[in-house]
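The structure under discussion appears below in the form of structure tokens.
The values are calculated or read from the model by the stated rules, or taken from the named source; none is laboratory data. Keep in mind that this is a model prediction, so the values were computed, not measured. Glycine also receives a Cβ, built like all others from the backbone with ideal geometry; neighbour counts cover every protein chain displayed. Each accessible area value is taken on the protein alone, full model and side chains, heavy atoms only, with ligands, DNA and RNA left out. Shrake-Rupley method; radii C 1.70, N 1.55, O 1.52, S 1.80 Å.
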Amino acid sequence: MEATQHAQLLRNPLLDAPPRADKTSHRRRRRRVLTILCSVIVLASVVAIILVRNQREEGRSKEKTETTSSFRERSSVPRGVYEGVSAKSNVVSENVSYNWTNAMFSWQRTAFHFQPQRNWMNDPDGPLYHMGWYHLFYQYNPDSAVWGNITWGHAVSRDLIHWLYLPLAMVPDRPFDINGVWTGSATMLPDGKIMMLYTGDTDKKVQVQNLAHPANLSDPLLLDWIKYARNPVLVPPTNIAPKDFRDPSTAWIGLDGRWRVTIGAKINKTGFALVYTTTDFIHFKKNAHHLHSVPGTGMWECVDFYPVSINGSKGLPTSVNGPGVKHVLKASIDDTKVDHYALGTYFVENDTWVPDNPKEDVGIGLRVDYGRYYASKSFYDPVKERRVLWGWINETDTENDDLKKGWASVQTIPREVTFDKKTGTNILQRPVEEIESLRLRGSEFEGIVLKPGSVLPLNISSATQLDIIAEFEIEPLGSEEIDEDSVGCGGGAIDRIALGPFGLLTIADDTLSELTPIFFRLSNSSHQNSTAFFCADETRSSKAPEVKKTVYGAEVPVLSDEKLSMRVLVDHSIIESFGQGGRRVITSRVYPTEAIYGAARLFLFNNATAINIKASLKIWELNSAFIRPFPFDQSL
């Protein structure tokens, strides 16, 4: 504005006349000098402000760069590891995220698997039966779809299929669990009392064991829980690191009247299960011997220990031991994120356990599930006299995807666990019988012959929610016995050999641009000499580049009087596959982009090169389970 006034003044005709030597002229000169001085001062101030601002921006930029660098460094480690638990997220993918739609995310939610209405879930906790209700507690973040702020969610069911959400059972609100109410187990005492031991992450970042009990045992819903005021009841032994002591098991009682609890731990790379004894769940004594240890396996989490009958078909309460009983020892191996188990003998004299086959010990042998599965926990169901097992199905997409869809993780269908009397070397798992209550329309296909390289669509109205039972027989094309050197699941369903792969194509679209094959692969055409592999192939399950896609599988025993068989539960983005009556189980988490809703199809396929396959199937479409908030304003 001042410069414009100067220009106007210079063009003023009165200023062009010769100056007059009077007082007015002197005043005008003084005003001009003052104006120039003010302009210089203003200009200097502006320059100073700019310089200071630039310095601040440089500092902020440097701070931002350092923060971003720190975030990138930390994001290369999965969420949860810094806090002292197993990985609870996937490392950020370098691939560009798929352009997901809300319809795609909505389709991914399951119809009959348990999951919260929203947000993050992980380990199942403290399952039990009380006054007509099955109770499931679970690790839950009420604030976000990523791990953190872990509380105990709570739900109840009459039949293990239809679930009602209840208010949170326990929240991190005390110094002994302020950084997380972590995994725990319930023990039902003979007098009806319930003792809930759980791991708390303290204000000092130390893993301790805490006790809680229901406020009102006459409440069938067990809505309110009281934490023992003098928690923790157990702290890490002096030779155990503060972040390597967690996940107390259900307790079992010995002949001496004392209860035993096992807790996972490690020293260096040796994983093991500690044993503590107690009479009141407040005062504990540590045994001199570990229940069991295996060098090289690393941290054992979520240790489970329970008996199975080698002669009967029913489950056993946790404290049962004696002739006709073997014990299952299971540990979730932190280093590999795999649930391993072994069968063995429990010696009551010193509370130790010895595996039947040391070559298949815990952490190096059999797996509970060969797919996307972790942190399993079992309980004894006194109503149907069975051992029921839960497991956590984690995501394989990115945290950004989970935040967009607003939830993460699913629990498996509850499984009944029994001893495999035919092999004597493994457990059997099968979906609890209540899942059959969801069956709707059924279809049967008998004696379908598939030639090498063939794919056959199965004419069913919907392929998104299914219960499939399939049997397969092989018909060699020549008279000579076929030996196949290739073992394992190979590169998936596209990796052709003489004797496989063959099976089902689940969650597939019409063009087979997306599909998840569940299949067998054999080593020999002679039934007595053949080695069979049971596999699930996720490599073409989704067009999304950031999603982890794996070929899962394992060798499965097939006896001479058995056909190759599988049972497959399809529930939108979850596929649970049970090979040979549940000797091997594979859980798949898939993220299709096109094979969804009405576009999802089911196919038979035979990609072997030297055999025909004869297949027979029973397929049921499944209804959705009722999973919703508890209707406190209604009577049930």
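Please report, as a whole percent, how much of the solvent-accessible surface of the chain comes from carbon and sulfur atoms (probe radius 1.4 Å).
53 percent
Mind checking which lysines have their C-alpha under 20 Å from residue 227, skipping anything on the same chain fewer than 8 residues away?
In chain and number order, the partners are 193, 204, 205.
For segment 601-610, take each phi angle, set θ = phi - 60°, evaluate the Karplus expression 6.51 cos²θ - 1.76 cosθ + 1.60, and give the result in whole Hz per residue in order, putting x for glycine and proline.
For segment 601-610, the Karplus curve yields 10, 10, 10, 9, 8, 9, 9, 6, 9, 10 Hz.
Among 184-194, 563-573, 442-452, how do they line up from the highest to the lowest mean number of other beta-carbon atoms within 10 Å?
563-573, 184-194, 442-452
Can you tell me what percent of all Cα-Cα pairs in the chain are more than 44 Å apart?
30 percent
For residue 614, list the aspartates and glutamates whose Cα falls under 17 Å from its own Cα; do not include residues on the same chain fewer than 8 positions away.
By straight Cα distance, residue 614 reaches 444, 446, 471, 473, 475, 561, 562.
What figure, in Å² to the nearest 10, do you get for the accessible area of residue 79 with a 1.4 Å probe and non-protein molecules left out?
The accessible area comes out at roughly 90 Å².
Rounded to whole Hz and in sequence order, give me ³J(HN,Hα) for segment 207-214 from the Karplus expression 6.51 cos²θ - 1.76 cosθ + 1.60, θ = phi - 60°, writing x for Gly and Pro.
8, 10, 10, 10, 10, 9, 8, x
Full-extension gain between residue 96 and residue 314, please, as 0.36 nm times their residue separation minus the C-alpha to C-alpha distance.
73.5 nm
Would you compute, from DSSP H runs of 4+ residues alone, the mean residue ellipticity of the chain at 222 nm, taking -39500 (n - 2.57) per run and dividing by the full residue count, rounded to the nearest 500?
-4000 deg cm²/dmol
Which lysines, on any chain, are close to residue 618 with Cα under 18 Å apart, when same-chain ones fewer than 8 places away are left out?
Leaving aside lysines fewer than 8 places away in the same chain, those within reach of residue 618 are 563.
Measure nothing fancy, just the Cα-based angle from helix 23-75's long axis to the longest principal axis of the chain, in degrees from 0 to 90, nearest 10.
With rounding to tens, the tilt is 10 degrees.
Once amide H atoms are built 1.01 Å from N in the peptide plane, which residues 5 or more positions from residue 246, or in another chain, come under 5 Å H to H?
264
Of the peptides 410-417, 269-276, 321-328, how do they stack up when ordered by the mean number of other Cβ atoms within 10 Å, highest first?
Packing order, densest peptide first, comes out as 410-417, 269-276, 321-328.
Tell me the per residue accessible area of segment 150-305 using a 1.4 Å probe; a whole number in Å² is fine.
Normalised by residue count, the accessible surface of segment 150-305 is 37 Å².
Would you kindly derive the ³J(HN,Hα) couplings of segment 77-89 from the backbone phi angles with the Karplus curve 6.51 cos²θ - 1.76 cosθ + 1.60 (θ = phi - 60°), listing them in order in whole Hz, with x for Gly and Pro?
Values, residue by residue: 10, x, 4, x, 5, 4, 7, x, 10, 5, 4, 10, 7 Hz.
Hey, can you grab everything whose amide H is under 5 Å from the amide H of residue 482? Only 5+ residues off in sequence or another chain; H modelled, so Pro and N-termini drop out.
The list, which skips near neighbours in sequence, is 525, 526.
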